[in-house]
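The structure appears right after this line, and notes come after that.
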Amino acid sequence: MKKQLTYILFVTLSALLAASCGKFGDINKDPNKISQDNTRNLFIRACQGTTFSVMSSSPAPQLDTYNPWTQIYPQYLGEGQNIQYTGLNINQFGVATYYRLFMRNLKTIVQRNQDEATKNETFVTLFGDGNDQIGVSMTLKAYYMMTLTDALGMLPYSEALMGDEGNFTPKYDSVKDIYEALDKELNEAYAMMSPSGIHLDGDYDIIYRGDMSKWRSLNASIRMCLAIKLSDVDPETGKARFAKAFADGGIVDNASNMSYPYLAENDNANPLYDNYFVSARRDFWPTGTLVDAFLALHDPRVLSYAKPNFKDSVNPITGIPWGITKDELATFKNTRNPSRLADRLIKIDAPFVMISAAKVKLMCAEAAVRGWISADANALYEDAIRLSFEEKGVAEELKNIQDDEEGWSKIQAKNALVTTVDAYLAQDAVKLTGTNAEKINKIAYQRWLNGFMQNGVEAWSDWRRLNVPALSAGHQAVSAGIQTVPYRMLYASDDTDQNRESFQEVIAAQGENEIYTRIWWDVADNK
């Protein structure tokens, strides 16, 4: 299958390049535009971008720079070589490529399947059922748009992707309006998709291999992600939307997680593998913030995050202190031997999970505590943690380290990790007890613990909404005048310079283009 995917990507690229070659012909036709849009190729290209905005995004529109700000803001990654990103001073986020490539591809798939002149053509039907093509494309497009608007705030949506119609300066829609449109469109997409079965070419659908039941569960899960963020700004609307999505059925097992399948080849390798082994930079390391949080709860998931370093005389599981200066980093490394990222995270083909069953179950637990759905919050909470342990491969990590009896003894002497999920759940600090506010805080904390090296924008959004955990900016950021983890990213000048009039309306409606301007659903009084 891996070789087949590589071949498909090669053929897709070759077809696109070939379309731009040959004799000029009619000068009124774009020689770089293929005559027929093969929806299979359009979709696989759209799938390829799904991790960029939540794991390895660049601050500029190009997609070949590894700047994992989405993993840094929730403090899932620290820096062990140079202090560049944890100083929180690289804040522009360009979105043009997400519109131009990925969302445009998905819109084209919808159009080709709706147009009577094209929907029965071979270049469309080869991918599979037309309604299913429309449904999955609308679902994936909504995933992109949710991510972008949660990072920046107001963005073009109702008038976006209309360049062919002569609209090159689309208006920016409010986050409220975008959320409303996304919920509506996702419900429409859900209704269009087949309830089960393989109805798309699985070689080109690299997310779910054409399985419609999984696409429908993802669709409902994205609606939950949208709805839960309305808990402070518009709880009644959030409740209604969440209840509908919950009834439709979100992701409930790890086999249905939305994940990207990196391959055992450098051209489609996990970015952390590239950072550790191809470029051999090893910039990114476990943070003390997350390591210490795991150890405080005797949580064995720390072994899935940080590889024990038995050269360290204080604790074989040690993270880089968050947000330290370059001089502080040098001093720390002169006296300590911090843990690097766990092997499972830096494998060349380590998959990247974007929306997991554990996250969805924890959202449902929060909704149950709030009274949004009729469900057992504690059962959802415990099931989510069990799913998290499973997805992180805790049993395997424990077995591997316990085979080294001396090493395991050193770990346990310092940390006393529990070895079963039942023992973990039995701890008072983990049990879902207390007031509703305390329960929600525990649920949010477990979402943060579960979310390392997954969808960083969702984890960052949880923190902005609930302030759990309490994350500090760090010494390097404070010395540069940055007092908090950013509340939003900055619009990139390459995007806004092309649409200055509309962008000035954004500033008037939303606030200045700075990291302290909050997204609509991020209610400041809740902090």
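Laid out as a table, the results:
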quantity: Failed item in (1) surrounded by fewer than 23 Cβ atoms within 10 Å (Cβ to Cβ); (2) out of contact with any strand residue (DSSP E or B) (no Cβ under 8 Å at 6 or more places or on another chain); (3) not charged (D, E, K, R), with Trp460 passing the rest; calculated: (1)
quantity: Among the candidates Ala240, Ala245, residue that is in a helix (DSSP H, G or I) and open to solvent by 30 Å² or more (accessible area, probe 1.4 Å); calculated: Ala240
quantity: Residue list for region 465-476, restricted to those being modelled with pLDDT under 95, part of a helix (DSSP H, G or I) and either charged (D, E, K, R) or surrounded by 22 or more Cβ atoms within 10 Å (Cβ to Cβ) (or both); calculated: Gln476
quantity: Residue match in region 144-154 (condition: touching a residue at least 12 places away in the same chain (Cβ under 8 Å) and over 18 Å from the mean Cα position of the chain (by Cα)); calculated: yes
quantity: Hits in region 248-259 - residues which are surrounded by fewer than 23 Cβ atoms within 10 Å (Cβ to Cβ) and within 18 Å of Glu185 (Cβ to Cβ); calculated: Asp248
quantity: Out of Leu380, Leu345, Leu295, sole residue that is among the hydrophobic types (A, V, I, L, M, F, W, C), open to solvent by 10 Å² or more (accessible area, probe 1.4 Å) and within 22 Å of Glu406 (Cα to Cα); calculated: Leu295
quantity: Test result for Asp462, modelled with pLDDT of 95 or more and over 21 Å from Met363 (Cβ atoms); calculated: no
quantity: Region 342-398, residues that are assigned to a helix (DSSP H, G or I) and among the basic types (Lys, Arg); calculated: Arg344, Lys359, Lys361, Arg370, Arg386
quantity: Unmet criterion (only one of (1) open to solvent by 10 Å² or more (accessible area, probe 1.4 Å); (2) closer than 30 Å to Gly163 by Cβ; (3) in contact with a helix residue (DSSP H, G or I) (Cβ under 8 Å, 6 or more places away or on another chain); (4) not hydrophobic (A, V, I, L, M, F, W, C)) for Thr496; calculated: (1)
quantity: Matching option when the condition is without any contact (Cβ under 8 Å) to a residue 40 or more places away in the chain, closer than 23 Å to Glu458 by Cβ and out of contact with any Asp or Glu (no Cβ under 6 Å at 6 or more places or on another chain), among Ala342, Ala306; calculated: Ala306
quantity: Some residue of region 180-199 being on the phi > 0 side of the Ramachandran plot and open to solvent by less than 10 Å² (accessible area, probe 1.4 Å); calculated: no
quantity: Residue check, Arg209 over 23 Å from Glu391 (Cβ atoms) and open to solvent by 20 Å² or more (accessible area, probe 1.4 Å); calculated: no
quantity: Any hit, region 383-391, residues being open to solvent by 70 Å² or more (accessible area, probe 1.4 Å) and over 22 Å from the mean Cα position of the chain (by Cα); calculated: no
quantity: Positions within region 507-520 being of a type outside the set (Lys, Arg) and either more than 16 Å from Gly94 (Cα to Cα) or free of Cβ contacts under 8 Å to residues at least 40 places away in the same chain (or both), in sequence order; calculated: Ile507, Ala508, Ala509, Gln510, Gly511, Glu512, Asn513, Glu514, Tyr516, Thr517, Ile519, Trp520
quantity: Among the candidates Tyr273, Tyr262, residue that is in contact (Cβ under 8 Å) with a residue 60 or more places away in the chain, hydroxyl-bearing (Ser, Thr, Tyr), part of a loop (DSSP other than H, G, I, E, B) and open to solvent by 10 Å² or more (accessible area, probe 1.4 Å); calculated: Tyr262
quantity: In region 212-237, the residues that are open to solvent by less than 10 Å² (accessible area, probe 1.4 Å) and more than 21 Å from the chain's Cα centre (by Cα); calculated: Met212
quantity: In region 265-283, the residues that are more than 18 Å from the chain's Cα centre (by Cα) and hydrophobic (A, V, I, L, M, F, W, C); calculated: Phe277, Val278, Ala280
quantity: Residue match in region 439-456 (condition: within 26 Å of Met363 (Cβ to Cβ), open to solvent by 60 Å² or more (accessible area, probe 1.4 Å) and modelled with pLDDT of 95 or more); calculated: yes
quantity: Of the criteria (1) open to solvent by less than 60 Å² (accessible area, probe 1.4 Å); (2) in a loop (DSSP other than H, G, I, E, B), which one Thr419 fails; calculated: (1)
quantity: Residue match in region 325-335 (condition: in contact with a strand residue (DSSP E or B) (Cβ under 8 Å, 6 or more places away or on another chain), touching a residue at least 24 places away in the same chain (Cβ under 8 Å) and under 30 Å from Glu405 (Cβ atoms)); calculated: no
quantity: Top-ranked residue of region 372-399 - restricted to ones that are free of Cβ contacts under 8 Å to residues at least 40 places away in the same chain and out of contact with any Lys or Arg (no Cβ under 8 Å at 6 or more places or on another chain), ranked as nearest to Phe452 (Cα to Cα); calculated: Arg386
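The values are calculated or read from the model by the stated rules, or taken from the named source; none is laboratory data. Predicted model only: the values in this text are computed from it and were never measured. Glycine also receives a Cβ, built like all others from the backbone with ideal geometry; neighbour counts cover every protein chain displayed. SASA here: full protein model, heavy atoms, side chains in, ligands and nucleic acids out. Shrake-Rupley method; radii C 1.70, N 1.55, O 1.52, S 1.80 Å.
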